[in-house]
1. If I go through the stretch 36-60 residue by residue, how many of them are open to solvent by less than 70 Å² (accessible area, probe 1.4 Å) and either within 15 Å of GLN73 (Cβ to Cβ) or part of a loop (DSSP other than H, G, I, E, B) (or both)?
2. Out of everything in the stretch 152-167 that is hydrophobic (A, V, I, L, M, F, W, C) and in contact (Cβ under 8 Å) with a residue 60 or more places away in the chain, what residue ends up being nearest to GLY88 (Cα to Cα)?
3. Of all residues being polar (S, T, N, Q) and part of a helix (DSSP H, G or I) in the stretch 85-111, which is nearest to the chain's Cα centre (by Cα)? Just the residue, please.
4. Among the numbered conditions (1) open to solvent by 30 Å² or more (accessible area, probe 1.4 Å); (2) aromatic (Phe, Trp, Tyr); (3) modelled with pLDDT of 80 or more, tell me where PHE8 comes up short.
5. Can you tell me which condition THR133 does not meet? The list is (1) without any contact (Cβ under 8 Å) to a residue 60 or more places away in the chain; (2) open to solvent by less than 80 Å² (accessible area, probe 1.4 Å); (3) among the polar types (S, T, N, Q); (4) touching a Phe, Trp or Tyr at 6+ places or on another chain (Cβ under 9 Å), and all the others hold.
6. Specify which of the listed residues (GLU139, GLU131, GLU116) is part of a helix (DSSP H, G or I), within 11 Å of the chain's Cα centre (by Cα) and acidic (Asp, Glu).
7. Identify the residue in the stretch 61-74 that is open to solvent by less than 30 Å² (accessible area, probe 1.4 Å) and among the small types (Gly, Ala, Ser) and, among all such residues, is farthest from LEU137 (Cα to Cα).
8. Going through the stretch 75-129 one residue at a time, which ones are open to solvent by 80 Å² or more (accessible area, probe 1.4 Å), touching a Ser or Thr at 6+ places or on another chain (Cβ under 9 Å) and closer than 16 Å to TRP168 by Cα?
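The values are calculated or read from the model by the stated rules, or taken from the named source; none is laboratory data. This structure is a prediction, so every number in the text was calculated from the model and none was measured. Cβ sites come from the backbone with ideal geometry, for glycine too, and all protein chains shown count toward neighbours. Accessible surface areas use protein heavy atoms only, side chains included; no ligands, DNA or RNA. Shrake-Rupley method; radii C 1.70, N 1.55, O 1.52, S 1.80 Å.
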Amino acid sequence: MQKDVGKFGISDKRGRVKTSSDPYIPEEGRKEPSLCSGCKAVYKNKRWYFDPDFYEEASKDSGSHWVTCPACQKIEQNYPEGIVTLRGNYLWKHEEEIRNILKNEETRAMAKNPLERIIQINRQDDALVVETTEEKLAEHLGRALHKAHQGDLNVTWTEDHARCRVTWERIE
């Protein structure tokens, strides 16, 4: 059987084209249950979850598989898929509030998908740079900040949607 080549690569036997180019997510999936030894996320039903009770039970089971989840791998190897750059004198006047918004939005996103995390937040010259493990989280952070504080927001994606760059700026 010949496989079609789509925008993102080769399709599977059912004709579905792979839409993710994330090198940290194995194509063949994982054995279940898999437990992340770093963040204690659980892989079951083909998804990652934070489920402390299940983690506790599964960690006692010899049939569980110990792994490092894709988010922990990206953090460990400093592999951001999203970069949010914040600028402007307004930023520095409201830095604590803005950092709180970013952390709160990360917490909400992680509740839905444990792979969506902030890798780091660093000041670089006159900017605050936020690196994320998932490109959609970067876009979400930019939009949440824009909704709360207005300013100028620009979201750009690479052609294959593997990376997202977000810039937000507000001058007083």
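1. 7
2. VAL166
3. Restricting attention to the stretch 85-111, the residues satisfying the condition of being polar (S, T, N, Q) are 85, 89, 100, 104, 107.
Checking the rest, the ones that are also part of a helix (DSSP H, G or I) come to 89, 100, 104, 107.
Working: ASN89: 28, ASN100: 18, ASN104: 14, THR107: 12 Å.
It comes out as THR107.
4. Going through (1) open to solvent by 30 Å² or more (accessible area, probe 1.4 Å); (2) aromatic (Phe, Trp, Tyr); (3) modelled with pLDDT of 80 or more one by one, PHE8 breaks only (3).
5. Status for THR133: all satisfied but (1).
6. Sole residue among the options that is part of a helix (DSSP H, G or I), within 11 Å of the chain's Cα centre (by Cα) and acidic (Asp, Glu): GLU139.
7. Of everything passing the filter in the stretch 61-74, SER64 is farthest from LEU137 (Cα to Cα).
8. Those that are open to solvent by 80 Å² or more (accessible area, probe 1.4 Å), touching a Ser or Thr at 6+ places or on another chain (Cβ under 9 Å) and closer than 16 Å to TRP168 by Cα: ARG87, GLN124.
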